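The values are calculated or read from the model by the stated rules, or taken from the named source; none is laboratory data. Note that the structure is a prediction, hence the values are computed from the model and not measured. FYI the Cβ positions are ideal-geometry reconstructions off the backbone, even for glycines, and counts take in every protein chain you see. Just the protein is used for accessible areas: all its heavy atoms, side chains included, with ligands, DNA and RNA removed. Shrake-Rupley method; radii C 1.70, N 1.55, O 1.52, S 1.80 Å.
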Amino acid sequence: PIALELPVDPVTAEDGRVYNRADIQQHIDQSKREKDDGSDEFEYRDLKSPMTKEPMGPNLFPAIQVRNSIRALIQSGAIEGDEGNVDQWKEVDDTRTKAEGGELFAMICMSNLYVTGEYGIIKDAA
């Protein structure tokens, strides 16, 4: 990962690598440019993988298996609180799980994370 921390919202980029969504999206957005044809559309110029420096596309795909593997490693004790952002990861994962289960307070907490862009969650532009 670009940030060298556990990805809170892991995604697979077109280079086949897993990154935290907020970090790789920031990298992708740096190559976003308006098209020269006068339209309101954008294109990605010179977008390269931050790991290999090879050209890559801007699409990101959820890495659910990675998130589940990180959860299992944390729950088993293989990764502990002193390493990376484990406590932060646990808090976001617990809140996300409760929100997906319909708990209103957890939904509000997750929406606040998207508004503020905290804890490695990508800030919602809306």
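For this structure, a couple of remarks:
- Rounded to the nearest 0.05, the FRET efficiency derived from the C-beta distance between K90 and I64 at R0 = 30 Å is 0.95.
- Computed lengthening from T97 to Q30, 0.36 nm per intervening residue step minus Cα-Cα distance: 21.0 nm
- Heavy-atom surface of the chain, accessible at 1.4 Å and reported per residue (Å²): 64
- Residue by residue, region 57-68 carries 3J(HN,Hα) couplings of x, x, 6, 10, 10, x, 10, 5, 5, 5, 4, 5 Hz when phi is fed to the Karplus relation 6.51 cos²θ - 1.76 cosθ + 1.60 (θ = phi - 60°); x denotes Gly or Pro.
- Remark: region 92-100, residue by residue, has Karplus-estimated 3J(HN,Hα) of 5, 5, 5, 5, 4, 4, 5, 5, 5 Hz, where x stands for each Gly or Pro and the curve is 6.51 cos²θ - 1.76 cosθ + 1.60 at θ = phi - 60°.
- Computed over the alpha-carbon atoms, region 52-126 gives an Rg to Rh ratio of 1.03, Rh here being the Kirkwood radius from the mean inverse distance.
- Cut-off 12 Å between beta-carbons: net charge of the residues surrounding T95, Lys and Arg +1, Asp and Glu -1: -3
- Between L6 and N85, the built amide H atoms are under 5 Å apart, and every one of these is 5 or more places off in sequence or on another chain.
- Of all lysines in the structure, the ones whose alpha carbon falls short of 23 Å from that of K98, not counting any fewer than 8 places away in one chain, are K90, K123.
- Phi to ³J(HN,Hα) by Karplus 6.51 cos²θ - 1.76 cosθ + 1.60 over region 25-35, Hz, x for Gly, Pro: 5, 4, 4, 5, 4, 5, 9, 6, 9, 5, 5
- With every protein chain in place, the chain: carbon and sulfur % of accessible area (1.4 Å): 49
- The H on the amide N of L60, modeled in the peptide plane, is under 5 Å from the matching H of no residue at least 5 residues off or on a different chain.
- Among L60, L47, L104, residue whose mean-square fluctuation peaks in a GNM of the chain (springs only between Cα atoms under 10 Å): L104
- Net charge contributed by nearby residues that have their C-beta within less than 10 Å of D23 (K/R +1, D/E -1): -1
- Cα→Cβ-extended label distance, 7 Å offset, between A72 and A3, nm: 2.4
- Cα gyration tensor shape for region 1-114, rounded if a/c is under 1.5, else prolate or oblate: oblate
- The amide H of K48, built 1.01 Å from its N in the peptide plane, has M56 as neighbours under 5 Å, considering only residues 5 or more places off or on other chains.
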